[in-house]
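For reference, the structure discussed in these notes is given below.
The values are calculated or read from the model by the stated rules, or taken from the named source; none is laboratory data. All of these numbers come straight from a predicted model, not from anything done at the bench. Backbone-built Cβ (ideal geometry, glycine too); neighbour counts: all protein chains shown.
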């Protein structure tokens with residue numbers, strides 16, 4: 001299911017192209033009094049390890065990036081609503097400056113699909129005469145855009161358009177719509193006219209529907225986006241923080257956004273885009289294909305400027321870098337860390353004011369071993385390492401038992417807390433015999449001994465956009481249901497065992513809980529108070545407290561599923577969930593964002609294998 005690659009040399013935007021588009025929109029914005037509301041879909045059933053705490057205390061970078069792009073392009077009347085903070089928010093009741101907004105945008109991950117669809121449904125209840133243009137984006141839409149278009153005539157709901165790309169695609173869409181908009185015409189009416197006349201087909205990164213009776217009859221996919229190569233061209237993240245909706249139990253919007261003095265209170269963690277891309281090609285990971293095998297970065301000077309601005313305006317001291325692999329490119333990494341190490345805030349080195357963390361790999365950490373003091377001076381206090389499996393049995397990324405332990409010890413020695421990320425799989429036992437620490441608990445013990453103060457263990461699950469995605473279903477590995485309970489998308493984060501060939505999958509579910517309980521427990525908390533693993537004051541004890549709290553949530557949400565795996569009947573799938581609506585490219589060819597098996601267009605030739613796209617539960621096999 002990996003996204004197809006654009007022609008070589010055409011993967012990236014021309015330098016300055018993003019800024020040129022922004023400047024054109026700033027001119028157009030003065031002629032269009034547009035207002036917009038951006039909602040971040042959130043399913044509260046996902047609140048468990050390893051996401052608990054950060055999910056509520058860190059305003060996501062993606063939805064803020066969309067808000068920053070709109071404000072930077074001249075559309076100042078924009079508000080960001082996080083369902084984490086505003087669980088009762090209803091689009092049908094929203095008003096911005098006393099009127100229904102012109103644009104309603106939703107950003108969603110796959111885990112939050114149910115919440116995303118509920119937002120779309122509610123927005124579709126708004127009278128057609130004043131309904132905003134409904135635009136949906138985010139990771140969910142990048143890989144499964146069809147899921148935001150309803151197909152039931154008895155329950156007609158749908159987004160107007162899905163954005164399968166980044167900020168440039170959204171702004172390009174708005175430029176086309178505003179160019180087509182007549183005087184006193186709604187943006188939604190202008191969009192539909194632009195759609196029907198083919199004006200959107202030249203904007204790569206969109207999926208829109210041909211409709212009948214309010215439901216999608218056909219989806220048009222304009223292709224894979226071109227990516228912004230120079231991340232310095234992105235808007236300042238300050239804009240996104242300035243337009244956050246304050247936490248509330250209300251279904252409506254407040255008269256003004258969250259004040260600058262309150263941002264730090266509700267979002268003490270700031271997420272920043274630093275780099276994109278990873279040189280490894282793990283078969284379960286969609287990141288390399290999404291980035292068109294490119295590595296994209298911000299300059300050290302730009303990152304330092306953003307951190308300084310956020311500190312002065314909001315008092316933000318803690319950040320998490322939204323990186324795929326921050327150490328991916330040695331020279332670019334050193335440009336960032338050396339620039340930050342030289343930066344001062346109010347006369348003090350940045351490390352005295354700012355603390356930040358991000359994600360790296362074991363292999364690249366060892367490649368930068370002599371530069372780890374500079375990484376520490378740049379303000380880095382924690383690094384999440386993609387260990388997956390220390391023995392490299394599941395995936396090989398240059399790691400081994402010895403190398404992993406060495407990387408963790410190096411980080412600990414230099415005052416950087418290592419946070420390993422593990423992946424459990426069918427072949428891995430809980431405890432192994434022999435000299436090789438193959439068992440999950442064996443590896444957790446070694447990681448803790450080497451200095452880990454936090455840890456996550458997730459089960460291998462079907463990952464949209466990855467090489468293994470379709471095969472997980474066609475091999476019969478993925479579950480349709482267990483004990484009468486269907487697998488829902490909020491269960492696809494790795495905490496639930498939803499794909500396994502193991503004869504006793506309930507043991508895999510139990511193994512995850514046992515591993516967490518072995519790492520996070522009152523005894524380790526007591527030891528952390530007197531003999532901490534980290535050089536940071538009370539950091540080890542703090543993570544023990546967070547881990548035990550998160551483990552209680554994880555047990556509460558997953559133990560019932562464990563019992564269903566143990567005593568219930570498991571029903572398996574034999575085909576991935578495909579679009580129930582035909583998808584095609586503007587010229588009639590296959591759609592870039594469709595899985596193989598989706599009908600390319602209506603009236604397909606009779607020699608094609610299927611005339612209707614199979615649904616998720618088309619072919620099922622049962623097992624005890």
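Looking across the range 392-427 at every residue that is in contact (Cβ under 8 Å) with a residue 40 or more places away in the chain and in a loop (DSSP other than H, G, I, E, B), the one that is surrounded by the most Cβ atoms within 10 Å (Cβ to Cβ) is identified as 416. Of all residues in the range 53-62, at least one satisfies being over 16 Å from the mean Cα position of the chain (by Cα), in a loop (DSSP other than H, G, I, E, B) and modelled with pLDDT under 95.
Hey, among the residues in the range 476-503 that are free of Cβ contacts under 8 Å to residues at least 12 places away in the same chain and in a loop (DSSP other than H, G, I, E, B), which one's surrounded by the most Cβ atoms within 10 Å (Cβ to Cβ)? Among them, the one singled out is 487. Is the range 551-566 home to any residue that is farther than 30 Å from residue 203 by Cβ, crowded, with 16+ Cβ neighbours inside 10 Å, modelled with pLDDT under 95 and assigned by TED's automatic domain parsing to the domain that holds residue 497? Looking for residues that are farther than 30 Å from residue 203 by Cβ, crowded, with 16+ Cβ neighbours inside 10 Å, modelled with pLDDT under 95 and assigned by TED's automatic domain parsing to the domain that holds residue 497, one finds none in the range 551-566, hence no.
Is it the case that residue 219 is in a helix (DSSP H, G or I), over 21 Å from the mean Cα position of the chain (by Cα) and touching a residue at least 40 places away in the same chain (Cβ under 8 Å)? Talk me through it step by step, then tell me what you get.
Values: in a helix (DSSP H, G or I): no; over 21 Å from the mean Cα position of the chain (by Cα): yes; touching a residue at least 40 places away in the same chain (Cβ under 8 Å): yes.
Taking the combined requirement at face value, the residue does not satisfy it.
Answer with yes or no whether residue 372 is surrounded by fewer than 22 Cβ atoms within 10 Å (Cβ to Cβ) and either farther than 30 Å from residue 506 by Cβ or assigned by TED's automatic domain parsing to the domain that holds residue 443 (or both). Before the answer, list the steps.
Numbers: surrounded by fewer than 22 Cβ atoms within 10 Å (Cβ to Cβ): yes; either farther than 30 Å from residue 506 by Cβ or assigned by TED's automatic domain parsing to the domain that holds residue 443 (or both): yes.
Here the answer is yes, as residue 372 does meet what is asked.
Only residues that are farther than 20 Å from residue 427 by Cα and either assigned to a helix (DSSP H, G or I) or at pLDDT 95 or above (or both) were counted in the range 456-475, giving 1.
Inspection of the range 71-80 finds a residue satisfying the criterion of being in contact with a helix residue (DSSP H, G or I) (Cβ under 8 Å, 6 or more places away or on another chain) and in a helix (DSSP H, G or I). Screening the range 97-115 for residues that are touching a strand residue (DSSP E or B) at 6+ places or on another chain (Cβ under 6 Å) and not in a loop (DSSP other than H, G, I, E, B) and picking the one that is farthest from residue 139 (Cα to Cα) gives 103.
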